[in-house]
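These notes concern the structure reproduced below.
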Amino acid sequence: MALLSTVLGFSFFGLASRFGQLAIQKRNLMDNLAGHAIAMGAFGYVGYWAHRYEVRTNELITWKRMEMAEAQAKAEAAKAAKAQAEAA
């Protein structure tokens, strides 16, 4: 659902930017409907790319957090072993 909403959101932003472009040029908003489709498709693709980037970034952050937790656990275990060796 997040992918669909991201792609649709970017697509409608592309449509709005196309309407803005035509309004600045004072042209008919329904002129050349293929241009609307191209703008929506291009912005939709950017939305798809942004979603994939977000998913990949979250995966990398999760992986790095797990890696850091493992390193911290090893450090604490080594510290406990050293403290136990000194106490004995």
Next item on the list: Let me know the longest stretch in the chain that avoids all trypsin sites (Lys or Arg not before Pro) found in a DSSP loop with at most 12 other C-beta atoms within 10 Å.
Entry: 28-88
Check: Carbon and sulfur atoms: what percent of the 1.4 Å accessible area of the chain do they account for?
Finding: 67
Note to self: Tell me the angle of helix 33-87 to the major Cα principal axis of the chain, expressed in degrees between 0 and 90 and rounded to the nearest ten.
What the structure shows: 10
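Determine the relative contact order of segment 1-87: mean sequence separation of Cα pairs under 8 Å and six or more apart, normalised by residue count, in whole percent. Please list the in-between numbers first.
Values: 46 pairs, mean separation 30.2, N = 87.
Normalised by residue count, the contact order of segment 1-87 is 35 percent.
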Checklist line | With 5 Å bins from 0: P(r) over segment 1-87, alpha-carbon pairs, percent | finding: 3, 13, 13, 11, 9, 8, 7, 6, 6, 5, 5, 4, 3, 3, 2, 1, 1, 0
Check: Calculated FRET efficiency, SER17 and THR62, Cβ-Cβ r, R0 25 Å, to nearest 0.05?
Finding: 0.15
Next item on the list: Any chance you could give the angle, 0 to 90 degrees and rounded to 10, that helix 2-24 forms with the longest Cα principal axis of the chain?
Entry: 40
Check: Taking LYS64 as the anchor, which lysines have their alpha carbon closer than 20 Å to its alpha carbon, excluding any fewer than eight residues away along the same chain?
Finding: LYS74
Next item on the list: Quickly work out the ASN28-to-VAL55 label distance, labels modelled 7 Å from Cα along the C-beta direction, and quote it in nm with one decimal.
Entry: 4.1
Item checked: Within a Gaussian network of the chain (alpha carbon springs, distance under 10 Å), most fluctuating of ALA75, ALA23, ALA42 -> ALA75
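Mean residue ellipticity at 222 nm from the helices of the chain, using -39,500 (n - 2.57) per DSSP H segment of n ≥ 4 over the full residue count, to the nearest 500 deg cm²/dmol? Before the final figure, lay out the partial values.
Details: 2 runs with 78 residues, N = 88.
Calculated from helices alone, the mean residue ellipticity at 222 nm is -32500 deg cm²/dmol.
The values are calculated or read from the model by the stated rules, or taken from the named source; none is laboratory data. Given the structure is predicted, the values throughout are model-derived calculations rather than measurements. Backbone-built Cβ (ideal geometry, glycine too); neighbour counts: all protein chains shown. The protein model used for the area step is the full one, side chains on, heavy atoms only, and it has no ligands, DNA or RNA in it. Shrake-Rupley method; radii C 1.70, N 1.55, O 1.52, S 1.80 Å.
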